[in-house]
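Notes to accompany the following structure.
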Amino acid sequence: MELRALGRTGLSISPVVLGGNVFGWTADEKTSFDILDRFFAAGFNTIDTADAYSRWVPGHVGGESETIIGNWLKRGATPRDKAIIVTKVGSDMGQGRKDLSAKWILEEADNSLRRLQTDYIDLYLAHWPDETTSHEETLGAFAKLKEAGKVRSIGCSNYDAKMLQDSFDAAERAGLPRYDVLQPEYNLYTRDAFEGPLAKLCVTQEIGVINYYGLAAGFLTGKYRDKADAEGKARGYRTSTYLNDKGYRILAALDEVAVETNAEPASIALAWLRQRPGVTAPIASATSVEQLEAIVAAGNLTLSDDQMKLLNEAGA
């Protein structure tokens with residue numbers, strides 16, 4: 001398992017990034033600690049979270065995931081400089097809107113640092129586009145955080161090709177740092193939003209890509225074959241949307257490659273992403289050691305050209 005250069009950030013990240021969205025939601029602190037310990041023991045080094053995780057849970061206010069990661073870091077079992085922490089800002093945290101204003105970014109960065117119990121964030125992302133705030137204002141706030149040593153690299157999530165190009169143009173006009181990482185939704189089922197102009201822009205501009213929903217809310221694990229399988233699951237509402245002809249074609253292709261590789265469908269789906277043009281590393285979350293094993297296996301699995309072709313055609 002080799003680390004991968006993340007665009008022009010200077011960061012070297014693991015071939016699969018551990019999603020922290022489940023920490024404090026479907027994984028309690030003890031389980032989260034166990035998953036984090038095992039992930040790093042396997043040689044992986046990158047965790048993705050956000051200030052808003054898991055605000056959607058009744059009684060939660062946001063910051064639950066960052067707090068668990070901070071408590072884990074404080075234990076000291078993994079030195080801070082051996083962990084790459086990715087977190088995000090811009091989701092509605094009570095303001096009533098997506099917010100990339102300078103005032104909010106500077107305030108919320110300090111809140112994230114406090115919850116994470118660290119003095120710097122390796123990679124800080126604008127979580128969602130904010131049409132009410134200029135790119136110059138947002139990038140200016142990120143520049144201040146970088147100058148203060150609170151943030152090492154910056155990026156954005158959920159930007160399309162035009163938004164990303166506009167941000168580059170704004171950075172050049174204002175003499176500000178640009179985004180060097182993109183976090184898009186991308187998996188074997190959901191491909192149109194990234195493939196095409198956005199992927200080409202990332203390749204030509206040397207933008208690192210860490211995509212989310214790498215397992216399509218668990219659908220690509222192969223555990224959900226009909227609507228009954230998804231009932232009562234935390235993300236079952238989302239998983240059930242993949243149960244159609246295209247989804248079943250993808251599952252059949254994953255099953256075929258699983259026989260050939262003796263690997264789990266989840267590992268294959270993540271390995272496919274690792275080998276796609278423009279992708280640095282996919283994000284995947286785990287709520288158990290068994291799920292983590294599939295993620296770790298994905299970091300060491302290489303698919304053949306024929307296997308990639310089969311999967312490509314199934315998810316076209």
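FYI, it's all coordinate maths here, none of it is from the lab. Owing to the predicted nature of the structure, the values given are computational and were not obtained by experimental measurement. Heads up, the Cβs are rebuilt from the backbone with ideal geometry, glycines too, and the neighbour counts pull from every protein chain shown.
Annotations for the structure displayed:
- Alpha carbon centroid spacing (whole Å) that separates segment 97-117 from segment 161-199: 22
- Cross-link pairs beyond the 25 Å C-alpha cut-off, checked among K223/K309; K162/K246; K98/K146; K88/K246: K162/K246; K88/K246
- Put in order of Cβ neighbour count within 10 Å, fewest first, the listed residues S288, S240, S267 become S288, S240, S267.
- Taking every C-alpha pair closer than 8 Å and separated by at least 6 residues, the mean separation divided by the residue count of the chain gives a relative contact order of 19 percent.
- On Cα atoms only, tilt of 265-274 relative to the major axis of the chain in degrees: 50
- For R55, nonlocal amide neighbours, meaning residues 5 or more places apart or on other chains whose placed amide H falls under 5 Å from its own, are G62, G63.
- For the chain, the longest principal axis of the C-alpha atoms and the axis of helix 64-75 are separated by about 80°.
- Note on segment 279-316 and segment 44-62: Cα centroid distance 23 Å, given to the nearest whole angstrom.
- For V151, nonlocal amide neighbours, meaning residues 5 or more places apart or on other chains whose placed amide H falls under 5 Å from its own, are I121, K146.
- Just so you know, the Cα atoms of the chain work out to an Rg and Dmax of 18.8, 54 Å.
- Estimated 222 nm signal from helices in the chain, with DSSP H stretches of n ≥ 4 weighted -39500 (n - 2.57), rounded to 500: -12500 deg cm²/dmol
- Degrees, to the nearest 10: 161-174 long Cα axis against longest axis of the chain: 20
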